[in-house]
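Below you'll find the structure, written out as structure tokens, and then a few comments.
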Amino acid sequence: MPVKPFHLAYFLGGSKVQGWRQRWASHEPDNWMSADLYVHVAKELERGCFDYILLEDQYQIADRYGSSIAFAVENALSTPRQDPSVLATVMLSATRRIGLIPTLPTFAYHPYLLARMVGSMAQLSGGRAGWNVVTGSSQRAYQNFGFDEMPEHDLRYEMATEFIGLANALWSSWDVDSVVMDADRTRFADPDKVRRVDFRGRWFSSRGPLNIGPVPDGRPVIAQAGSSPRGRRFAAEFADTVVAEAHTVEEMKQYRLDIRDYAQAAGRDPDSVKVLFTICPIVGTTDAEAVAAHELQRADARGKVEHTLALMSNLTDIDFSTFPLDEPLENFSQSTEGTQATLTEFLKRSEGRTLREAALEMQAAVDGAHGFVGSPDTVAGRMCEAMEEVGGDGFLLANETLTRRSVAEFVDGLVPELQRRGAVRCEYSARTLRGHLSEF
């Protein structure tokens, strides 16, 4: 039975130094300042014909857990992080077809600077650069940029809406065909096709136009990971590709339907918004080998309860070190301006459990395998079945720990089985990231 093709991308989270104690990390952590591993990963994923690599980022050293940076620094929790715009540029220069999407928060840049920077990356890569829009979810990150307080959740999205409106206006300040290169008339560009923006909003303003010239395909690809209702509306209104978290196929299906409904309500073609679900497949030579690797991974997690709680504290901005480990989380009333979906999921898994048990449940949930455990044939089959039920649009693959081996398991193990089924491309037909996304 023919399989409807779907998109495949890769979620590059964290720093390679975070695998310093893990199996198969080799000597990579010793060279954690070097770009060698990232360049290797980009080239390998391009060989696998992935649409893009999304570079995750954080802008602070976590200190919510225990009111100290000690745990984060000692355990390399979300630190160190190299600037994703620099890393993306290095990876783009080493590849020719795959897209790179760095995560860049709206509170850390002025719209003109960000539009110019991402637009330049798109130009220099032939249209392969994008922007993962985040509003921020950490008080500490905001304080690192001179803000006393982080705005409340929905207000951050209102500010981001204005930000992206100005960025789009700046990218549009040069028509795609504005550069004429008329040597006979010594005319580089048509001034009638370049215009000021004169944007003045509540939070941002800019005269424009951009001084870099037109951007391939009109503007860079926009990615977003909206999880709350407000975040989903924002993603559906502006994103070309949406990064989604779901724990079951039914949740995937419902999330995609929500995004498509929001996109239609915003006057967009729902098919133009590609929803990719983040999963961490465990791939082995055989099903038994993969299951054993998954069990070993979960056994490791049982010894990292504090690590899970520290990560939860970082994401939700709630200090979970203040709660007894072996008592139920009863009458929990704290809210968060951090990642609300993470807190909601954690509290759901805490019902009737101690904090220790809830942390173990949460770790099992965030390992992201979601049943995609087995040989390349088994995992590929389950991915195809899931996409058939969900209706599209694809997956964002991730590894628990980034190593050359873990990437090879995807590129040389899983991808050929997906290609054999006709589920993913065998070669690139487009040269730009927008072209990859609109291919099917």
Those residues of region 332-357 which are of a type outside the set (D, E, K, R) and either farther than 26 Å from Met150 by Cβ or not in a loop (DSSP other than H, G, I, E, B) (or both) amount to Gln340, Ala341, Thr342, Leu343, Thr344, Phe346, Leu347, Ser350, Gly352, Thr354, Leu355
Quick one: is Arg382 within 14 Å of Ile282 (Cα to Cα), surrounded by fewer than 20 Cβ atoms within 10 Å (Cβ to Cβ), among the charged types (D, E, K, R) and outside the structural domain of Arg260 (by TED's automatic domain parsing)?
yes
Of the residues Phe395, Phe346, which is surrounded by 16 or more Cβ atoms within 10 Å (Cβ to Cβ), closer than 30 Å to Asp271 by Cβ and touching a residue at least 12 places away in the same chain (Cβ under 8 Å)?
Phe395
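A quick yes/no check of all residues on (1) in contact with a helix residue (DSSP H, G or I) (Cβ under 7 Å, 6 or more places away or on another chain); (2) among the hydrophobic types (A, V, I, L, M, F, W, C); (3) at pLDDT 95 or above:
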| residue | (1), (2), (3) |
| --- | --- |
| Arg97 | yes, no, yes |
| Leu104 | yes, yes, yes |
| Tyr109 | no, no, yes |
| Met117 | yes, yes, yes |
| Met121 | yes, yes, yes |
| Trp131 | yes, yes, yes |
| Ala160 | yes, yes, yes |
| Leu166 | yes, yes, yes |
| Ser178 | yes, no, yes |
Filter region 386-408 for residues that are acidic (Asp, Glu) and in contact with a helix residue (DSSP H, G or I) (Cβ under 8 Å, 6 or more places away or on another chain); which is modelled with the lowest pLDDT?
Glu400
Say whether the condition of being buried (at least 22 other Cβ atoms within 10 Å of the Cβ), within 20 Å of Val215 (Cβ to Cβ), in contact (Cβ under 8 Å) with a residue 12 or more places away in the chain and not basic (Lys, Arg) is met by at least one residue in region 134-145.
no
For region 14-51: of the residues being surrounded by fewer than 18 Cβ atoms within 10 Å (Cβ to Cβ), within 21 Å of Asp412 (Cα to Cα) and not basic (Lys, Arg), which is modelled with the lowest pLDDT?
Ser26
Among (1) over 21 Å from Gln123 (Cα atoms); (2) in contact (Cβ under 8 Å) with a residue 12 or more places away in the chain - the single one Arg207 does not satisfy
(2)
Conditions first: (1) touching a helix residue (DSSP H, G or I) at 6+ places or on another chain (Cβ under 8 Å); (2) modelled with pLDDT of 95 or more. Val415 passes all but one, so which condition is the exception?
(1)
Check region 369-391 and report whether any residue there is under 21 Å from Arg298 (Cα atoms), of a type in the set (A, V, I, L, M), touching a His at 6+ places or on another chain (Cβ under 9 Å) and not in a strand (DSSP E or B).
yes
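Modelled with pLDDT of 90 or more and assigned to a helix (DSSP H, G or I): does that describe Leu54?
Criteria not met by Leu54.
Residue-wise test of (1) outside any loop (DSSP other than H, G, I, E, B); (2) touching a strand residue (DSSP E or B) at 6+ places or on another chain (Cβ under 8 Å).
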position	(1), (2)
Val39	yes, no
Ala42	yes, yes
Cys49	no, yes
Asp63	no, no
Val73	yes, no
Leu104	yes, yes
Ala115	yes, no
Residues satisfying the stated conditions in region 250-303, i.e. of a type outside the set (Val, Ile, Thr), within 18 Å of Ala398 (Cβ to Cβ) and in contact with a helix residue (DSSP H, G or I) (Cβ under 7 Å, 6 or more places away or on another chain):
Met252, Lys274, Phe277, Pro281, Gly284, Arg298, Ala301
Candidate set from region 259-290 (those that are surrounded by fewer than 19 Cβ atoms within 10 Å (Cβ to Cβ) and either acidic (Asp, Glu) or in contact with a strand residue (DSSP E or B) (Cβ under 6 Å, 6 or more places away or on another chain) (or both)); member that is nearest to Ser438 (Cα to Cα)
Asp271
Test set (1) assigned by TED's automatic domain parsing to the domain that holds Arg23; (2) within 29 Å of Glu357 (Cα to Cα); (3) not in a helix (DSSP H, G or I) - Pro324 fails condition number
(1)
Determine if region 1-10 includes at least one residue that is surrounded by fewer than 21 Cβ atoms within 10 Å (Cβ to Cβ) and modelled with pLDDT of 90 or more.
yes
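The values are calculated or read from the model by the stated rules, or taken from the named source; none is laboratory data. Just so we're clear, the structure is a prediction, and the values are computed from it rather than from any experiment. Positions of Cβ are generated from backbone atoms using ideal geometry, with glycine treated the same way; all protein chains shown enter the neighbour counts.
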